[in-house]
1. What residue, of D549, D581, D597, is in contact with an Asp or Glu (Cβ under 9 Å, 6 or more places away or on another chain) and closer than 18 Å to G641 by Cα?
2. Against the condition open to solvent by 20 Å² or more (accessible area, probe 1.4 Å), in contact with an Asp or Glu (Cβ under 8 Å, 6 or more places away or on another chain), part of a loop (DSSP other than H, G, I, E, B) and in contact (Cβ under 8 Å) with a residue 40 or more places away in the chain, how does R273 come out, does it pass?
3. State whether the residues of the stretch 25-39 include one that is of a type in the set (D, E) and either at pLDDT 95 or above or more than 20 Å from E185 (Cα to Cα) (or both).
4. Within the stretch 93-101, does at least one residue satisfy the condition of being basic (K, R), under 24 Å from K45 (Cα atoms) and under 28 Å from the mean Cα position of the chain (by Cα)?
5. Can you tell me which residue is nearest to I322 (Cα to Cα) among those in the stretch 223-252 that are among the aliphatic types (A, V, I, L, M) and out of contact with any strand residue (DSSP E or B) (no Cβ under 8 Å at 6 or more places or on another chain)?
6. Can you name the number of the only condition in (1) under 23 Å from Q457 (Cβ atoms); (2) in a helix (DSSP H, G or I); (3) modelled with pLDDT under 85; (4) open to solvent by less than 60 Å² (accessible area, probe 1.4 Å) that F773 fails?
7. Sort out which residues of the stretch 675-693 are over 16 Å from G456 (Cβ atoms) and open to solvent by 50 Å² or more (accessible area, probe 1.4 Å), and write them in order of number.
Amino acid sequence: MSYAQFEQVVRSQGAKIKYVQKKESGNENDSIHNLLKRLIHVKVKSPSDKAAKAVSEGLVKLPNLRSSLFIDCSGHKTISAKGAQYFSDALKSTSRLLALSLSGHNLGSDGAWNLASALKKNNTLTYLDVSRNGISDEGAGHLADALKTNRGLVHLNMSDNDLQRLGAEYMAEALEENETLFYLEILGKIEAEGIRRLVSALETNTTLASLTLTIPFGNEELGSTLNVLLAQNALKRKEKFDETLLSDETTSWSRSRVMFVGQGRAGKSATVRSLLGQEFVENLDSTVGAFVSESESTDRDVKWEATSKAPGDHATKFAARILADKAKNGSNEPRKNKSKRKTLVEFGRSIRNLAASFGTRAANPDAVIEINAGDNAEEAIEVDPAADAAPAPRRREINGVRVVEEENGEIWQEFQPEEIGTVPAEEEEQEIVREYHEGMLNDADSLMLSLWDFGGQEVFYSMHHIFLTKSGVYVLVCDLRKLRNENSRDEAVRYLSFWLNSIKLHAKDAPVIIAGTFSSEIEAEKEMNTINSVVSNLVKGSFPNVVLDKQNGTCFFPIDNSDLDGVLELRTSLEKVIYQDRAVNQQVSMKWMVFLDEILSHRSKHSYLELQTVYEIAKEKCNIEKAGVVDQALQLFHDRGMIVHLTATETLRNIIIIKPQWLIDQLSKVIRDETLHGYDQAEFENAGLKNDLRLMYDDSLASAEFLSYVWEMDQVDFLIDLMQKTMLLSVWTYSEEKQYLIPSLLKKKYEGEPTGLRCKFDFSDSFLPNGVFQRLICISIAHCAEYSMKNGGI
């Protein structure tokens, strides 16, 4: 279901809403900013209980709505507890409402109770603003009670309500049990005793990153202590992150590979661009060989987000996933016993001095409390954590222990660098940086995808067998206009049949989604039914892994990339299929992710690594000593599209391609359609390779000089060996010069009846797998060359 349908339902109920354009600004490490900017921001005009009912009914009636929403119902005292009840009902039935603002109304404690009842069941709402709603201590108690079990809310704004000491105590009790709330705003007139109770809670809570409240005048020490506790909690989270990186803990990687195949010019690249939310380009250049890209999908996005991982990012993301899983499922680690801790003042003073001794290393800006002054500056004080830091103390050693000595003579043990997450020296040599920031946990459960867009021209088919894998999801893209037109239908069906059989051959258990492009040009329902009948006759009985579009009642998903019609539904079905793959939920070790980062960190200087080098990296950098375990990890990375590791022969097995796109590009410089991706003849003439280029065009023969030139002298011997081992070329021994035959480029057909010994293969009534004929030619030529050598050149 699309956002447009949601808007239509809401408007039919008499409410007015508008889409608010996102603003691309702010701190990229600010988790809430990143969350809100990635949602569809819906502003409710003239908010009221009636409008709240309309919006809520829209959410309830469209439970499969794919758009993730930020509903902004802020206003001025026009929504009551009844309106809160409507939103409560919606939150109990939808997972698409991720942020809700009801600021400035009359919810009262009854409205807080309504919302709290939903928070006890809903774990997808991430942001809730109920500021300025006349909520008393009783209402705060309702919300606090919900926070004890809620595992989704990240930011709660309860500022400028009627909270006093008791309300603060309720929230403190919640903080002692809640492990997912990062930001809490409770500006108001809370007495010092209530704030002391919050301070006490932060001795137990280790996840809260920001607390905004008003400190009563004369209680500056409370503000200082809160700052210290939050800074210490930030250090603890950082320590947990670093400990996780060095552990052997496991969780699901949630990564899959999506392969887009089909006839040339069917719209494969345009479909990938649509799924990534990129602008539609009408005359997009056809793909040469294949194009590999990385993307990320979260419940908060209406599109896949293109990503580019830096060295260290895979392990960082995986560690965050482990921590997020612990937070959502409840940590197995027991809470620390508060009775063993120092008094508040003693603890605050010691930690503050330690923070000062390390400067900004301990003063994490993401974890600093905001203590805002009230309207009357004489009644409240704003505390700056940097201003509160003591002068830098003197460092020295006592009996081999590093300590910090204050001016007044007090001595505290100094944090050792490794205790606050220093990157090991050996990782610095590889330029792998793994940094923790608070926002990373919000998207820790995202789905990571490797997208492979295969060129549709037949000349590329011979090399696809190198890259097609048994696991993942295949998207077979076809042009609906060609299936509608009787003159082009047979050819379109032939391509569909070819690819369905190819997928079945390479990945018999992999799901296949057929995406039919240019759907907006198929206006008549009769035409769409005819197309569906054609595809259905091809699919039924022979290809059970084809996923049906149950919403449209077709065996393909009609989409139009020019206006994104059907793209959201295609994405929804793709992700549903991906999550049903048991391999996606396979438990993977943290060590494997560190291992992946280590081998990918060599991409800046190398395109491939030898197997022995990879074994050494696994042993020395990742403490993975068994070769069998390394082989399993490499197989997983290959299946997910991160590397290319072929194991058909010992020579191929010895090479791990860590830059798949590099390999595709190099092969595509030789295997290409000259009519679409031809070479610049003037360039080759200037290079003295005019005849070499003609030889390639006319006879499909590549000279050694030609290959060296197009590959820019980069790994020429390796690439020739790889193409030989995968039977993409064969040494041509019938020339004085060193030449290679490229069978996939052959165009001439033999005229007349062959003479002598012959073998005839007839595939007219069956399926000829791609590349088989070309590989058969390579084998035949190699056999002839061997026979000739044995018989004295005959």
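1. Values: D549 fails: closer than 18 Å to G641 by Cα; D581 fails: in contact with an Asp or Glu (Cβ under 9 Å, 6 or more places away or on another chain).
Unique residue meeting the criteria: D597.
2. Values: open to solvent by 20 Å² or more (accessible area, probe 1.4 Å): yes; in contact with an Asp or Glu (Cβ under 8 Å, 6 or more places away or on another chain): yes; part of a loop (DSSP other than H, G, I, E, B): no; in contact (Cβ under 8 Å) with a residue 40 or more places away in the chain: yes.
For R273, the condition - open to solvent by 20 Å² or more (accessible area, probe 1.4 Å), in contact with an Asp or Glu (Cβ under 8 Å, 6 or more places away or on another chain), part of a loop (DSSP other than H, G, I, E, B) and in contact (Cβ under 8 Å) with a residue 40 or more places away in the chain - is not met.
3. So the first thing to find is which residues in the stretch 25-39 are of a type in the set (D, E), and the list is 28, 30.
Next, only the ones that are either at pLDDT 95 or above or more than 20 Å from E185 (Cα to Cα) (or both) stay: 28.
Checked against the condition, which is being of a type in the set (D, E) and either at pLDDT 95 or above or more than 20 Å from E185 (Cα to Cα) (or both), the stretch 25-39 yields at least one hit.
4. Filtering the stretch 93-101 down to residues basic (K, R) leaves 96.
So of that shortlist, the ones also under 24 Å from K45 (Cα atoms) come out as 96.
Checking the rest, the ones that are also under 28 Å from the mean Cα position of the chain (by Cα) come to 96.
Yes, the stretch 93-101 contains a residue that is basic (K, R), under 24 Å from K45 (Cα atoms) and under 28 Å from the mean Cα position of the chain (by Cα).
5. If we filter the stretch 223-252 for residues that are among the aliphatic types (A, V, I, L, M), which is where we start, we get 226, 228-231, 234-235, 245-246.
Next, from what is left, pick out any that are out of contact with any strand residue (DSSP E or B) (no Cβ under 8 Å at 6 or more places or on another chain): 228-229, 231, 234-235, 245-246.
On the way: V228: 27, L229: 24, A231: 22, A234: 17, L235: 18, L245: 10, L246: 12 Å.
So the residue we want is L245.
6. Status for F773: all satisfied but (4).
7. Keep residues of the stretch 675-693 that are over 16 Å from G456 (Cβ atoms), which gives 678-693.
Within the stretch 675-693, D680, Q681, A682, E683, E685, N686, G688, K690, N691 meet the criteria.
The rows are residues; the columns are (1) open to solvent by 20 Å² or more (accessible area, probe 1.4 Å); (2) closer than 30 Å to H677 by Cβ; (3) of a type in the set (A, V, I, L, M, F, W, C); (4) out of contact with any Phe, Trp or Tyr (no Cβ under 9 Å at 6 or more places or on another chain).
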site: S210; (1), (2), (3), (4): no, no, no, no
site: N233; (1), (2), (3), (4): no, no, no, yes
site: L246; (1), (2), (3), (4): yes, no, yes, yes
site: S308; (1), (2), (3), (4): yes, yes, no, yes
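The values are calculated or read from the model by the stated rules, or taken from the named source; none is laboratory data. None of the values given here were measured: they were computed from a predicted structure. Glycine gets a Cβ as well: all are built from the backbone with ideal geometry, and neighbour counts include every protein chain shown. The accessibility values were calculated without ligands, DNA or RNA, using every heavy atom of the protein model including side chains. Shrake-Rupley method; radii C 1.70, N 1.55, O 1.52, S 1.80 Å.
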